[in-house]
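First the structure, in the form of structure tokens, and then the observations on it.
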Amino acid sequence: MGQGNIAAHEENVDVEEIEPGDILKILKAHQGDVGGLISILQEIQSTYGYLPAEALRIVGRQTGRSMVDIYGVATFYRSFSLKPRGRHLICACLGTACHVRGAPRVVDELEQQLGIKAGQTTEDKEFTLETLNCLGACALGPVVVIDGHYFSKVTRARIRPLLDKALEGFDTTELGKDSRIFPIEVSCPHCGHSLMDDGSTIDGHPSIKVTISMDHRDGWLRLSSLYGSYNFSSEFEVPHNTVVRFLCPSCREELPSTSDCSTCGAPMVPMLVNGGGIVKVCSRRGCRNHMLDLI
Amino acid sequence: MITLKINGLDVTVEKGSTVLEAANFIGFPIPTLCHMDGLTPYGACRLCVVEIGEGPGAKLVSSCTYPAEEGLVVRTASSRVLEARRMVLELLLASCPQSKTIQDLASAHGIRRQRFRQEYEDCILCGLCVRMCAEQMMAGAIGFRNRGENRSIGTPFDIKSEECRLCGGCMYVCPACQLRCTYTEPEKAVCGGCANLTPPCVEKEQFKDMMCYMNPCVACEIKKD
Ligand code: FES
Ligand code: FES
């Protein structure tokens, strides 16, 4: 308990407004499950990208747990963060195997390129750099994970290109002459209205336009109509790993989900394929699971 | 009732007792640091090690957390136990040499040197204060935070806890806090300022952001002016 950490903590006191209703909703979903603290914290973390102090207080009040318990859990696990994280999360492995394979140099390079130390966030809130100890992929070391994408045998020279790519987003697909990529046209399963937006193209084809809703915010999302391409654009930035609701822009109904993603468990959003069939895409940003059933 | 053998003597204790309680009952002293009557056993310091079982299957366990079992054979002062205990004390000395409690225990066990890198921690993470606060004072103002190397005891966010009533219970049970506030010279400083305040944190109005020995320390604040 150094005398110095008081000042350090003052700047952590979050100014960000949180919506108590959101927290209550999360708590409600976990009502009655006794050991649910970790899942509650996980959900709060995925909503805000970190654990706001006020949110922890609400959790304490509602579940009757003491604040120290919650704080203890929140600081015990590395995946929880009490400070807002940047838009892109970089985790560099410093485990034994990665260490001997040169991970310290990779981390040095990352720190230098970003101008921050491990555990910090860049001023422009783009990157957060964290280190961890072994991802279980030792033979591939040094391993760096950026926004959920794993990079193996990383060298110093690869850092800059990786950072640039991260800024661009790993979700963009390079379109080659891949025969698995072909255009489809879809419509809303509720009102049958076409979801195609001829006015704006992605990958050179008319895009699929839907409304997405997240944190009481609505906005448009345009998906590439090429089946197999993950390129998209949206009105506002959707944080990695968040699940959004998909609505039809014409009838404003939610595209009704009938199944959950086999990879991440988020609801799969169905759209009717013109000419018969159904295409389903996962509603979690960053999850690339999708399905096509043609009739 | 359960009968077990401690250092060759049969002792009968109630079901649910620990080996430590049984040994104390029959009069074999076992040194403890993180144990206190009225608080749940925690097994953090390992000073209370005893040897159980016989032959090659014999093993060392912490007696404060080990439940007395029927027919259990316990040795509280075998050479293996004494050696382990001395090692524990030496390690404690290496991390927190300023503690009078640890010094006394070490000297009682004939420890004359300390072979490890010297540190000057103000906390040995025995958890007595945490349990005191939660179980006797019913407050739950302090707890463990972080993990591994960075584990520490304190309040959430390091700010004064709303639950803390400045009872001083944490300070009272702390085996290391005689010298908690040492400023920059841990080797020399003998502050004990906080322990000399009776009752602790007297001027509660004046020091309303202070929490006994937690940051910020009342005694240090007093010394400042
Ligand atoms: S040490 Fe890096 S993955 Fe195991
Ligand atoms: S007294 Fe038993 S482990 Fe500390």
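Computed from the coordinates by the stated procedures, all read-outs in this text should not be read as laboratory data. These figures come from a predicted structure and were not determined experimentally. Glycine gets a Cβ as well: all are built from the backbone with ideal geometry, and neighbour counts include every protein chain shown.
Worth a mention:
- Cα gyration tensor, the protein assembly as shown - rounded (a/c under 1.5), prolate or oblate: prolate
- Shielding by partners, peptide B:122-134 (average Cβ within 10 angstrom, other chains): 1
- Gyration tensor verdict on chain A (Cα atoms; rounded if a/c is under 1.5, prolate if a/b is larger than b/c, oblate otherwise): oblate
- Taking 7 Å steps out from each Cα toward its Cβ at B:Ser78 and A:Met291 produces label points 6.1 nm apart.
- Backbone amide hydrogens, once placed in the peptide plane, bring A:Asp260 within less than 5 Å of A:Met268, excluding anything fewer than 5 places away on its chain.
- Taken along the Cα-to-beta-carbon direction at a fixed 7 Å, the label points for A:Cys251 and A:Phe182 span 2.8 nm.
- Take each residue in A:57-67, count the other chain C-beta atoms within 10 Å of its C-beta, and the mean is 2.
- DSSP beta bridges in region A:88-172 [antiparallel fraction, %, rounded to 5]: 55
- By other beta-carbon atoms within 10 Å, ranking A:Lys209, A:Lys83 with the fewest at the front produces A:Lys83, A:Lys209.
- Overall form of region B:33-149 per C-alpha gyration tensor (a/c, 1.5; a/b vs b/c): oblate
- On full extension, the segment bounded by A:Asp215 and A:Ser46 gains 59.7 nm, given 0.36 nm per residue less the C-alpha separation.
- Length released on extending from B:Lys15 to B:Glu54, taking residue separation times 0.36 nm less the Cα-Cα span: 11.8 nm
- The Cβ shell under 12 Å around B:Glu69 holds other residues with a net charge of +1, Lys and Arg each +1, Asp and Glu each -1.
- Surrounding net charge for B:Glu14, when Lys and Arg each add one and Asp and Glu each subtract one, Cβ distance under 14 Å: -2
- Counting beta carbons within 10 Å around each of B:Met132, B:Met1 and listing the fewest first gives the order B:Met1, B:Met132.
- Mean partner shielding of peptide A:72-82, defined as the number of other chain Cβ atoms within 10 Å of each residue Cβ, is 3.
- Near A:Gly141, the amide H atoms lying under 5 Å from its own belong to A:Lys153; only residues 5 or more places off or on other chains count, and H is placed 1.01 Å from N.
- Selection among A:Gly275, A:Leu247, B:Gly38 by position relative to the dipole of the protein assembly as shown gives B:Gly38 as farthest towards the positive end (Cβ unit charges, Cα centre).
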